[in-house]
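Structure record follows, encoded as structure tokens.
The values are calculated or read from the model by the stated rules, or taken from the named source; none is laboratory data. The structure presented is a predicted model; accordingly, all values stated were derived computationally and were not measured. Every residue, glycine among them, receives a Cβ derived from its backbone with ideal geometry; neighbour counts consider all protein chains shown.
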Amino acid sequence: MTGPPGGSEPNEGDAEPLPSPQQSRDAEASNSSGGDRTSAELAVPEMDCASCASKVETSVRKLDGIDSVDPRVMSGRLLVAYDDTKTNADAIADRVERAGYDVESRSGARTERFSVPEMDCASCAGKVENALGRVGGVNNYETRPTNGTVDVTFDEASVSRREVVEAIRGAGYEVTNADEESGDGNGHSHDVPGSESVWRSRRAIKTWLSGVLVVFGLLFEFVLDGSNVPVASVLGQGLLLADVLFLVAVAVGGQAILKNGYYSARNLNLDIDLLMSSAIIGALVASLGFGAALYLEAATLAFLFSVAELLERYSMDKTRNSLQELMDLSPDEATVRRDGREQTVPVDDVQVGEVVLVRPGEKIPMDGAVVDGESAVNQAPITGESVPVDKTTGDEVYAGTVNEGGYLEVEVTSDASDNTIARVVSMVEDAQLNKTDREQFVERFANYYTPVVVAVALAAMVVPPLAFEASWTTWFVRGLTLIVLACPCAFVISTPVSVVSGITSAAKNGVLIKGGNHLEAMGEADAIALDKTGTLTKGELVVTDVVPLNGNSEEDVLRCARGLETRSEHPIGEAIVAQADGRDVTKREVSDFESLTGKGVRADLDGIPHFAGKPGLFEELGFDLSHVHATTDGGRITAMSQQLCERNDCLDLLEEMVPRLQSEGKTVVLVGTDDELEGVIAVADEVRPDAAAMVERLHKLGVEHVVMLTGDNQRTANAIGKQVGVDDVRAELLPEEKVEAIEALQRDYGTVAMVGDGINDAPALATADVGVAMGAAGTDTALETADVALMADDLSRLPYLYDLSHRANGVIRQNIWVSLGAKAVLAVAVPFGLPIWAAVLFGDAGMTVGVTGNAMRLSNVKPTLQEA
């Protein structure tokens, strides 16, 4: 079960201020320096609770030159900032090991993944970690109770794989792949270890047998009391038949508890196993040594706590299943063509550059590019898109997606261990690296809660009898009841289980959330900033209008514009070239091309200097844009030349045409020579059809302020902003000005999320409390750097992300306060005779199942732009 902190004493590290989100991001590098100050990241997988973290932090702070220590329990990582003139990473690792925890990731080491299905809670993980920490040559380990695996990095020159397995077994847990070479812990396989049904396991059978013995004991104790005769004597204490049944129930049902308690004591881990073992042994000692007759209490503890353990294992299995569904997306085998023959091989054996064959209905086994064939591919497993996407030669496809109809040949572009689904699974598994503020509060609270309640329990056992001549037996039992309540199990797991449920649910719907802190921050966002291009718009510019001037035709204007923009890499230039190509406009000879930053371009076309750019560029060239001759067609002005001067053949570009086009959300490009303006081209980025619905949905969900940020001109931005319904438009922003806009929003509204493409908006995304990247499925940079990645270009995922995050925060609050309140109510009831079985059943098993079930409700949240 998820135990309390492994140690009992608070330390000065508990008062350390928590790092800010930005400080945490800055510390992510495993080893970075700046002057004499260095930060190091150590993997300490056995550090699985606040008390464990406290012990590690206390030990590390004994070194000179330590600036800050940031233990991250859920990911088993330790971030340390230190003065490298006074200490070093090896010394820090040594202090961690002296605290009883192993350190991972040393050079030249081999990493293996071991399946340990019975390791289903933080307390279990702590024992495994402590056991591995005492093995010489083990450099690092990372326990993952949510999927029952342990990643161990060890030096094969110092320790063998078998010795690592024996160390895990020595902690009391079986390794199901002990005889297999599982390979690199970062490889393709992410399988959650399989196991038999919780309710048919050996532990369950012993528990049910224990329960039967308790029932028969109760019958003889209270119903068939005439048959409850003395049958034995131990240490001078007579044993009735019911007492013997209770003792046998303890022996059967309490075996696993006492074994785990032994390992906890050996590792100085004050967790639920040690507390329960102490309570059971205490009841037996009081009975056999002092005649207190607490056999029923001991048997009840053993049986009910075993039931609670089974319930928690069942709940953890449900959480693991949500991860397993992600892991099962990618097939284990692929069909490749080698030496002219088709072969089916494990995906780990497929090399980059090989061609895999995918038949209709099969899952695509590897990331790659289509080299032959056409088909519709269901990308929902990766992007969450409900409609299959047509794929043909040259298109990118992802492992785990389904080939719906046609036959495809795909050239592999990444190894199985580095494909999109593998990265997503790894990121989901590591998503608890950054803890929520509430989780940090829980861990700090738990660090004090357990030792304080244990102290109160011990006082309850002796103070009333000594001070008030109360019954020793009565208050001993009440003290045992408090000991049972001393473990904040449900309280401790209330946040992690909610985070795991929320993040895995999001991943199934095409949203990759990189940590619990980002989930929490997104749910608290009062303002959301949206980049225009590629977010609110499709990000694909097209030519909408061509207005010829001074006797030129549309083809003349496009011919000149195409020549000017052929060498330009700007999206506007690409749109103009594409339009000219589509109309089969002839080419002109281009020379002396020059980009005029922020204004446009110039080049010689057939030896004549030409320009294309903003109206301001042509004003600098001396043109009077308020009096331009329009091209007519048979004496009539062309359709776009409606605003005329008195002479009926002139246009006022500055006051009428350009503003009107810009008010329609279009960007205006003028084309001409040194002495003649040849035409006007309008280019627009089409607004996504669901952009307005997305903004409306965000407002209905409670987002106070939605603002659009863009580098486009104010008129164009205003037109698009009005069309989609945002609250504010901030235009003509340079990248650094977008950062300033985010900072201003943070001052005005508090928590701010920024949505962009993950690359061009990187500074603003980094400045926001949550950076969200759109369409990140095929973008390594966005996957690695964004706090949240929307795998598809689907705007419905943004309201879904906010809704899920907001609900997750509510679930976490409910879990924390309900579990804490239940403990408080039960503790208050102890002096009034609360039975020990009620403390186990309601304070431990019931609350653990309750918080887990409440967290699993997050999987019901679905992407939609409609109100639920």
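Data for the structure
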| item | result |
| --- | --- |
| Checklist (1) in a helix (DSSP H, G or I); (2) at pLDDT below 85; (3) under 44 Å from the mean Cα position of the chain (by Cα) applied to LEU270, failing item | (1) |
| Criterion violated by ILE576 - all others in (1) more than 30 Å from MET791 (Cα to Cα); (2) surrounded by 24 or more Cβ atoms within 10 Å (Cβ to Cβ); (3) not basic (Lys, Arg) satisfied | (1) |
| Any chance VAL371 is in contact (Cβ under 8 Å) with a residue 40 or more places away in the chain, loosely packed, with under 15 Cβ neighbours inside 10 Å and outside any loop (DSSP other than H, G, I, E, B) | yes |
| Criterion violated by ASP712 - all others in (1) in a loop (DSSP other than H, G, I, E, B); (2) surrounded by fewer than 18 Cβ atoms within 10 Å (Cβ to Cβ) satisfied | (2) |
| Residue under evaluation PRO230, criteria (1) farther than 18 Å from ALA839 by Cα; (2) surrounded by 21 or more Cβ atoms within 10 Å (Cβ to Cβ); (3) not small (Gly, Ala, Ser), criterion not met | (2) |
| Breaking point among (1) touching a strand residue (DSSP E or B) at 6+ places or on another chain (Cβ under 6 Å); (2) at pLDDT 80 or above, for ALA99 | (1) |
| From GLY853, GLY843, residue being more than 28 Å from the chain's Cα centre (by Cα), modelled with pLDDT under 85 and in a helix (DSSP H, G or I) | GLY843 |
| Filter result (among the β-branched types (Val, Ile, Thr) and either assigned to a strand (DSSP E or B) or within 27 Å of GLU439 (Cβ to Cβ) (or both)) within the range 515-551 | ILE528, THR537, VAL542, VAL543, THR544, VAL546, VAL547 |
| Residue selected from the range 328-356 under the condition small (Gly, Ala, Ser) and in a loop (DSSP other than H, G, I, E, B), by the criterion farthest from THR504 (Cα to Cα) | GLY340 |
| Those residues of the range 839-849 which are surrounded by fewer than 21 Cβ atoms within 10 Å (Cβ to Cβ) and in contact with a helix residue (DSSP H, G or I) (Cβ under 7 Å, 6 or more places away or on another chain), in sequence order | LEU841, PHE842, VAL849 |
| Qualifying residue in the range 657-673 (condition: crowded, with 17+ Cβ neighbours inside 10 Å, of a type in the set (S, T, N, Q) and assigned by TED's automatic domain parsing to the domain that holds ASN550) | yes |
| Residues (within 24 Å of GLY756 (Cα to Cα) and aromatic (Phe, Trp, Tyr)) located in the range 793-833 | TYR800, TYR802 |
| Of residues in the range 785-808 being over 22 Å from ALA762 (Cα atoms) and hydroxyl-bearing (Ser, Thr, Tyr), the one modelled with the lowest pLDDT | SER796 |
| Considering residues of the range 357-368 that are over 31 Å from the mean Cα position of the chain (by Cα) and not in a strand (DSSP E or B) only, the residue farthest from THR335 (Cα to Cα) | PRO360 |
